[in-house]
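Chemist: Mind having a look at this structure? Questions to follow.
The values are calculated or read from the model by the stated rules, or taken from the named source; none is laboratory data. All figures in this text were calculated on a predicted structure; none of them were measured in a lab. Because the Cβ atoms are built from the backbone with ideal geometry, glycine has one as well, and the counts that use them run over all protein chains shown. Heads up: the accessible areas ignore ligands, DNA and RNA and are worked out on the full protein's heavy atoms, side chains in. Shrake-Rupley method; radii C 1.70, N 1.55, O 1.52, S 1.80 Å.
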Amino acid sequence: MPDMVDDAAFDVRSTESVRRLRDSLCASSSSSLPRRLDVGGLCVNLVEGDDEKLARASAQCLANLAAAGLEEAVWSSLVGYVPEALKRWRRSTTKSDATRAGVIAAVHNCCRLDDARSLAIAKSGAVVSSLLEGCWHVAHDETETQCKSDEWTYLLVCVLLRRGAASAFFATFGADAAGLELVRDAVETEDDGVFCAADDVAVAAFRVAAATQRGVRAAAKDLREKALTLAGDAAGLGPARRAVALREAGAIKTSFLDEFPIAALKIIANVCYFDPRARDDAFDIIPLVLAKCTVNPDAPLQREWAIFAIRNLCADNERNQHFIEGLKPQALNTDAATLKSFGIQSARLATNPDSGKSEVKVAMVRPPSKQGHPNPPPPPDFPPEEDV
């Protein structure tokens, strides 16, 4: 039989008393708990006072209480203290990390079977930002030096992703550079890792780009380009439902075509390939995509991605096909410098009398002769060869 905790003997401000309660919970059920259990007092111990041992015992006790079936009582008292507790107890020392691990374990035990609690944690920017540090170490530290809190961070994030809070989790860290790296890990991973939220990584990357669209600093622009590229890559890797999620997030009607043409074209091409409905959504931007079917020295492969995007826009879509087929040239760029750069002296639109279609007639620039004459004389006529 485990030790029983008497009501009068339990003191929420006593380290030994809290430890006894913590240890008794390892083997006992909620029926053996004190009738006047002060869960709120345990939460206060996490953020007030200088007694590190008491804080650590309180965090571990809260985790055990939640695991013993009192997650509702623990959650209602703990949720308001989590951001401050995680900010106070860092990974810097072993003892501080043990307290941090207890806090994260308590949150995990409260959220593991409850979607609403998971969503609340995923929407808390302060909590998610604090978790990112542990997430980074889980994803990148291949040594055995990971802290105990990192292990609980892994488990908690798994719960958030699998309890339907993945979108909120990824959206919460917004334009956080470390968060974007975690999204990259999710895109590139081949297994069901902690950051592999199948449909959400592409949407998260696109939302990062959208969130930083108004940024004027170079750092914001660089982050935006990486996020867009990431979204396009994620859509191209499949599955099809990832492209559907991007379409529903509004990624097709993108305003990034001029700023980052290749990244934007990659999203359009890949989403339209996997999701036929996206081809209808992209009808209005067909002229913009066609305008990118040119060689751009500042954006290699722009032409290729634009052609691929047009191909996917027209696949099994008669509306888009007829729209492009019905396009007619309206005017030509007759700027002298532009024409000269292509070796053209003049250009004009003309109608083919046989087909009735518009054609472009050009006059090429004639290079000067080596003798310096503007029009070199024709070559001389040679006499016919004589039979020997």
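Chemist: Using a 1.4 Å probe and counting only protein heavy atoms, arrange Arg90, Arg279 so the residue with the most accessible area comes first.
Modeler: Largest accessible area first, the residues go Arg90, Arg279.
Chemist: Rounded to the nearest 0.05, what FRET efficiency do Ala299 and Ala347 have when you use their Cβ-Cβ distance and R0 = 30 Å?
Modeler: 0.75
Chemist: For segment 49-124, which whole percent of the accessible surface, found with a 1.4 angstrom probe, sits on carbon and sulfur atoms?
Modeler: On the way: 1530 of 3100 Å².
Ligands and nucleic acids excluded, carbon and sulfur give 49 percent.
Chemist: Rolling a 1.4 angstrom probe over the protein heavy atoms, how many square angstrom per residue are accessible across segment 37-130?
Modeler: Ligands and nucleic acids excluded, the figure is 38 Å² per residue.
Chemist: Could you give the accessible area per residue of segment 274-363, probe 1.4 Å, as a whole number in Å²? Each step should come with its number before you reach the end.
Modeler: On the way: 6200 Å² over 90 residues.
Here the per-residue accessible area is 69 Å².
Chemist: Give Lys123/Lys266; Lys253/Lys357; Lys221/Lys253; Lys226/Lys292 a once-over and call out the pairs whose C-alpha atoms are over 26 Å from each other.
Modeler: Working: Lys123/Lys266 30 Å; Lys253/Lys357 32 Å; Lys221/Lys253 19 Å; Lys226/Lys292 20 Å.
Checking Cα-Cα distances, Lys123/Lys266; Lys253/Lys357 exceed 26 Å.
Chemist: For Val107, what accessible surface area do you get with a 1.4 Å probe? Give it in Å², rounded to 10.
Modeler: 0 Å²
Chemist: Next up: Could you rank Thr338, Thr351 by how accessible they are, 1.4 Å probe, largest area first?
Modeler: These residues rank, largest area first, as Thr351, Thr338.
Chemist: Can you give the FRET efficiency for Ile307 and Ala336, using 1/(1 + (r/R0)^6), R0 = 30 Å, r = Cβ-Cβ distance, to the nearest 0.05? Present the calculation step by step, with values, prior to reporting the outcome.
Modeler: On the way: r = 29 Å, r/R0 = 0.97.
Step by step, r from the Cβ atoms, then E = 0.55.
Chemist: Same structure again: Percent of accessible area on segment 320-368 owned by carbon and sulfur, 1.4 Å probe?
Modeler: 54 percent
Chemist: So, taking all protein chains as they sit and a 1.4 Å probe, how much accessible area belongs to His108, in Å² rounded to tens?
Modeler: Spelled out: His108, probe radius 1.4 Å, area about 30 Å².
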